[in-house]
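Here the structure comes first, spelled out in structure tokens, and everything after it is commentary.
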Amino acid sequence: MKTRAGLFRAVGEPLEVVDLDLADPGPNDVVVRMAAVGICGTDLHQVRGEWQRPTPMVLGHEGAGVVEHAGAEVDSVRVGDEVVLSWAPSCGHCADCARGRPAACLPLHRAIGSGTLVDGTTGISLDGRTVFRGTATGAWAERVVVSSRVALPTGGAVPLRQAALLGCAALTGVGAVLFAARARPGGVALVVGAGGVGQFVVQGARIAGCEAIVAVDPVAARREQALRLGATHAVHPDGLKETFASLSPEGADYGFDAVGFPETTATALRFTRSGGTAVMVGLPPTGLRLDLDPGEFLRREKFLTGTMYGSEDPAVALPILLDLVAAGRLELEPLLGEVFSLDAIDDAVQASLELPAGRVLVEP
């Protein structure tokens, strides 16, 4: 089986579209014809060289498509079903998966670091040589062969272009609020970074009933987008101190770092009140470390935690998000940015690197 895909070879080199060989699907696998794939910050870490992964690699993991083939032992989806890809399928064996936390699965993270699927293979090649998969998925392609556990059915509840956002940004951002912070109505939330994931954190805070939601971002278009999605305040980083001095001098009940740099985590923690919870949502470049003041935790009794993929099993969280979309409480369409064809994959990546307000999509 063949597929066209966008191939990343090295930092500084343009992505190119090539014809790859796909291994035949097994009895528990499905073939998904991709309809739309978002460009996530995780992909950009690789493009910028901030993470070291084997190459050549097909990046992309935030996507939606239609099942073209289902193996003989697959009973979760059928041919023709519309699905969202989950990059964190449960291995079914490790302690984290047993706890319902497949995004923390150690075999999965070893696979991501090695550029493979959880079973250690990639199933794609070019001229007989192995091609690796980004985030155990490799979705910047016309079609992918994945375990049926990766393909989560939507029931056709949302258009595929919008459904792509559910595959990573929405599950991560909304989940950070509802499942990691467990935000309660009436609270004050701070969201550092109003990019793709940050915009879903803003919506998660609105859904949770937060009384005040402060989004901070240096990009004006992103601040405006945050206000449209439910933020009560949207400020440049230089204005954050003044905003909290008048809004909530003691700080936020919940602080979310949707960027992932030590400086942004420090900001989220600093402006979280005594006894409040700060959540690290964005992933940092390799090798960066936090410089923490013990007084934040001892004297002020703050909580600092991380979240991976929204701190809930995607198979459990996705139906919850679909219900929120159906009820009009979770918006997807306004978050869509420019759409590029697969042939323009390098242009799509460059557009995403410019920090647009909307999620850049590729439609294979």
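No lab work stands behind these numbers, since they all come straight from the coordinates. The model shown is predicted, which means the values in this text are computed figures rather than measured ones. We place every Cβ from the backbone using ideal geometry, glycine too, and count neighbours over all the protein chains shown.
Axis of helix 196-208 versus longest Cα principal axis of the chain: the two differ by about 60°, to the nearest ten degrees. Annotation: the residues W51, W87, sorted from fewest to most other C-beta atoms within 10 Å of their own C-beta, follow the order W51, W87. Among the GluC sites (Glu not before Pro) found in segment 56-87, those both in a DSSP coil and sparsely packed, with 12 or fewer other Cβ atoms within 10 Å of their Cβ, are E73.
Measuring from centroid to centroid over Cα atoms, what is the spacing of segment 57-136 and segment 214-230 in Å? Answer, in whole Å: 33. V83 sits among other residues whose Cβ lies under 15 Å from its own Cβ, and their net charge, with Lys and Arg +1 and Asp and Glu -1, is -1. Rg and Dmax, both from the Cα atoms of the chain and both in Å, are 19.9, 63.
Across segment 169-311, the relative contact order, built from alpha-carbon pairs under 8 Å that are at least six residues apart, equals 26 percent. Only one residue of A258, L269, A221 has its Cα farthest out toward the positive end of the dipole of the chain, where Lys and Arg carry +1 and Asp and Glu -1 on Cβ, and that residue is L269.
The amide H of G276, built 1.01 Å from its N in the peptide plane, has F303 as neighbours under 5 Å, considering only residues 5 or more places off or on other chains.
With both residues required to sit in the chain, DSSP beta bridges show an antiparallel share near 55%. Taking all Cα pairs closer than 8 Å and separated by 6 or more residues, the relative contact order of the chain comes to 18 percent.
Starting from the Cα gyration tensor of segment 169-311, take the square roots of the eigenvalues, sort them a ≥ b ≥ c, and report rounded, prolate or oblate (rounded when a/c is under 1.5, otherwise prolate if a/b is larger than b/c, else oblate). Please list the in-between numbers first.
Working: a/c = 1.24, a/b = 1.12, b/c = 1.10.
Rounded, since a/c falls under 1.5.
Proximity of backbone amide H atoms, modeled 1.01 Å from N, is registered between A36 and A64 at under 5 Å, excluding neighbours fewer than 5 places apart on the same chain. Taking the 0 to 90 degree range and rounding to the nearest ten, how far is the long axis of helix 314-326 tilted relative to the main principal axis of the chain, both from C-alpha atoms? The two axes meet at around 70 degrees. Summary value for segment 1-90: 30 percent relative contact order, contacts being C-alpha pairs under 8 angstrom separated by 6+ residues. Amide hydrogen proximity for V235: with H placed 1.01 Å from N in the peptide plane, the residues at 5 or more positions away or on another chain lying under 5 Å are A215, V216, D217.
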